[in-house]
Amino acid sequence: MNPTATSDPLEAPATATRLTAVLDALAAPLGARAAVLAIGTRTPSVREWRRFLASALLLVGAGLLLSGVVSFFAFNWAALGKLGKFALLAAGVSACALAAMRAPESLASRVLLFAASVLLGALLAVYGQTYQTGADPWGLFGIWALLILPWTLAACFTPLWLLWIALVDLAFGLYVAQVLATPRWDVTTLVGIVAVHVLAVMAWEAQRLRTPPWLTDTWGPRVLVAVTLLPLVMASVVAVGLQELRGDVTGASLGLLTFLVVLFGTFYQFVRRDTFMLTAVAGAVVAVLTVALARPLLELGLFGLLLITALLVGEVAVIVKWLRQPREVSA
Amino acid sequence: MMTPVTVRAVLDEAVASGLVSADSDVPARAALAQLAQDDLPWYLRVLTGGAAWVAALFLLSLLMGIVAAITGGAVEAAAVLLGLVLMPVGLALSRGRAGEFRRQMALVSVIAGQMCVVGGIGGNASSMVVAAVATIVTSAVLAWLFDEAAYRFMATLAIVGASIAIGIEQHVPGTLGMLAGITGLVPVLVWRAAPTLIARHRLVDPVAWACVVASVGLLSLQAVTDVVFGDHGASTGLRGVVLHTPLPLTLLFAAALVWMATQVARDHGTAPSSPVVLAAIGVVVVVAALTCGLPSVTAALLFIALGFDRRRVGLVGIAAAFLVSALGLYYYSLSLTLFHKSLLLMASGAVCLAAAMFFRQQAREGAGA
């Protein structure tokens, strides 16, 4: 993390790079440098270690136990009757949800609600498998998302929100592909999923203005933006670089990517500066622009190769210079 | 869970210890402000590194095109000479306070030069092993000389890749496993075992991070191989480079964890025989024994502990994501039945949860004291 333009640089985390820069400025002697670096990089306190071991082992233990339980029931699945399967999964969901109520603000509670949400999906899947009504799969994911929405709201847990958004994506995609089944279902699915992701990111930004914010992890919207941009970039590269493979989806991807670049670029440059988001947007532009220009430039032969090299270097140099300008919010 | 130590806190302690003068705030702020302008966050380094690679490929194509046009047949020798010119040019461009364009050109020039040298030597010798050795030597030398984190990261990965190539060509048994173990231990050695190396953090940090990525990648590859082929393997060549038994890797990572526990205890002036340290070591030993067929678990625990110890949040995040994916892959592993896997996993989980309760109790007692 880099120190910000508006907050005190001395409150930034003491990394070796920052400490070295400070020691260089103070012209500290060698012995003092080693001692100061040792202060900045020493192991956390006993109290911090105990708290960390308690939390980390809780999470790791829950993960191992959950994996073991899933494997156990997978092994015995055929032997269990209908009611046995439902009872086990329902008991798991109930136990996790009830245990989560003991200490609602704790990490353990959030992890338990996440586990309950996952197990609820398994319960719905078993129900669908047992009573095959011919219903479309989109209904499973849609109902799953609807049922876990209260827990998602209550948990204030970014991984659970990402799971919920993934379920909405799946439900929407399957609905359009299998139920609506319009001639351009693929483009409709793409536009719909991008819209869901954009709304999710904007909702996160809006809740961030609350006092206190409901979700503070920045990695959630960053993952969402990266996951949204990456497939669009790949399809757009095909649209501009491989004209023989161009189609409705690749064309739509290019249009959506342009829209997202303008939207996220404007928001994260002028409203809430976030260099990760701007880097993702800039990277998308560089990739598509370079491929678009490379095709005609390659026809110039060796001179074209030189121009492409210079173009790429120039693009990145401009981006880095732009993103190095003083920031209002740290990356 | 992880409270970062601020520069302010370190300076205050340094002033109290008489290591720096009391009026260090102003120059410290100025230095940090300048650093903020010069330093690049990791995702920008990924962008610059990736773009430099692509640009280097285009530059290489251009140069080889010119060389081929001029020399006709002796492309390899010309490539080596060209590379030996490009690399120092890149190093020279990177010296001093360089603007962004110059820094990018330096990176492109060094990478293209190295590719010329490696390609030329390998092509001349018609040997993958010779090319791999050339990669290792040039990467090591350039990583030492070229003060660019993105390059040092990529060079370390190149060295690992070249080592794998040598192992496959020479049919060295257990290549992937050995490299997974070595790359997993490098961050522990660099960040924990040799504290004086912190003064050379610009060199060792990118190398250590690359080793973490390489270790996670190799362990995942072993797990995927186990899922796809089980004990039967696909071909003799593939089986030859995969570590047949994961036990040595598990033992290695578990030993590193136990060592770390004793080092942390020593730093706090706590005897290794104290209940807290014994509990931590006990958890490591029991979990390692139960999951000996899945070294990814002990590796992930090692990286989580190291990440917390060195206050590197990214390492904890990578290790946590790796553990989740490793457990997912283990579900499909053909080495054990689902029943046996379930028992081992549930037992390991129960041990971890019991230890979590113990440490929570210790934390409460420590807070109350």
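Numbers below:
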| read-out | value |
| --- | --- |
| Gyration tensor verdict on the stretch A:232-331 (Cα atoms; rounded if a/c is under 1.5, prolate if a/b is larger than b/c, oblate otherwise) | oblate |
| Chain B: calculated mean residue ellipticity at 222 nm from DSSP helix runs of at least 4, using -39500 (n - 2.57) | -27000 deg cm²/dmol |
| Amide H contacts of A:Asp217 (H built 1.01 Å from N, under 5 Å, at least 5 apart or other chain) | none |
| Percent carbon-and-sulfur accessible area, the stretch B:116-212, ignoring ligands, DNA and RNA, probe 1.4 Å | 73 |
| Cβ-derived FRET efficiency at R0 41 Å, B:Arg8 paired with A:Phe270, nearest 0.05 | 0.85 |
| Amide proton proximity set for A:Ala14, modelled H, under 5 Å, gap of 5+ | B:Val5, B:Thr6, B:Val7 |
| Karplus-derived HN-Hα couplings along the stretch A:80-91 (A = 6.51, B = -1.76, C = 1.60, θ = phi - 60°), whole Hz, x at Gly and Pro | 7, x, 4, 5, x, 5, 4, 4, 5, 5, 5, 5 |
| Average accessible surface area per residue within the stretch B:87-178, 1.4 Å rolling probe, Å² | 42 |
| Chain A: C-alpha pair distances exceeding 37 Å, % | 39 |
| Rg in Å to one decimal, and Dmax rounded to a whole Å, for the stretch A:34-104 via C-alpha atoms | 20.3, 67 |
| Label point distance in nm, B:Ala16-B:Ala33, each placed 7 Å from Cα along Cα→Cβ | 2.8 |
| Ordering of A:282-290, B:336-344, B:264-272 by packing [mean C-beta count within 10 Å, highest first] | A:282-290, B:336-344, B:264-272 |
| Highest-first arrangement of B:209-217, B:138-146, A:98-106, where packing means the average Cβ count within 10 Å | B:209-217, B:138-146, A:98-106 |
| Calculated [θ] (222 nm, deg cm²/dmol) that DSSP helices of n ≥ 4 give over chain A, each run adding -39,500 (n - 2.57) | -25500 deg cm²/dmol |
| When the protein assembly as shown is reduced to its Cα atoms, the Kirkwood hydrodynamic radius in Å | 28.2 |
| Candidate aspartates and glutamates for bridging to B:Lys341, where Cα separation is under 20 Å - those fewer than 8 sequence places away on the same chain excluded | B:Asp226, B:Asp231 |
| Backbone HN-Hα couplings from phi across the stretch A:251-256 [Karplus 6.51/-1.76/1.60, Hz, Gly and Pro as x] | x, 5, 4, 5, x, 5 |
| Probe 1.4 Å, all protein chains present, accessible-area order of A:Glu244, B:Glu148, largest first | A:Glu244, B:Glu148 |
| Distance (nanometres) between label positions extended 7 Å along Cα→Cβ at A:Glu205 and A:Leu298 | 3.6 |
| From phi via Karplus (6.51, -1.76, 1.60), per-residue ³J(HN,Hα) for the stretch A:14-19 in Hz, x at Gly/Pro | 7, 7, 4, 4, 5, 5 |
| Charge dipole magnitude, Cβ of K and R +1, D and E -1 - chain B, Cα centre, debye nearest 20 | 180 |
| 18 Å reach of a label modelled at A:Met101, 7 Å along Cα-to-Cβ, counting backbone N of the stretch A:131-169 | A:148-156 |
| Cα centre as origin, Lys/Arg/Asp/Glu Cβ charges: the stretch A:91-223 dipole, Debye | 240 |
| Total accessible surface hidden between A and B, rounded to 100 Å², 1.4 Å probe | 7700 |
| Theoretical FRET efficiency, 1/(1+(r/R0)^6), r = Cβ-Cβ of A:Thr130 and B:Ser127, R0 45 Å, to 0.05 | 0.15 |
| Projected label distance in nm at A:Val249 and B:Trp42, using a 7 Å step from Cα toward the beta-carbon | 3.2 |
| Among A:Leu254, B:Val276, B:Thr196 - extreme Cα towards positive end, dipole of the protein assembly as shown, charges at beta-carbon | B:Val276 |
| Per-pair calculated FRET efficiency, R0 = 45 Å: B:Arg266 and A:Ala87 via Cβ, rounded to 0.05 | 0.30 |
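The values are calculated or read from the model by the stated rules, or taken from the named source; none is laboratory data. Note that the coordinates shown come from a computational prediction; the quantities given were computed from them, not determined experimentally. Please note: Cβ atoms are built from the backbone with ideal geometry, for glycine as well, and neighbour counts cover all protein chains shown. Ligands, DNA and RNA are stripped out before the accessible areas are found, and what is left, the full protein with its side chains, is counted by its heavy atoms. Shrake-Rupley method; radii C 1.70, N 1.55, O 1.52, S 1.80 Å.
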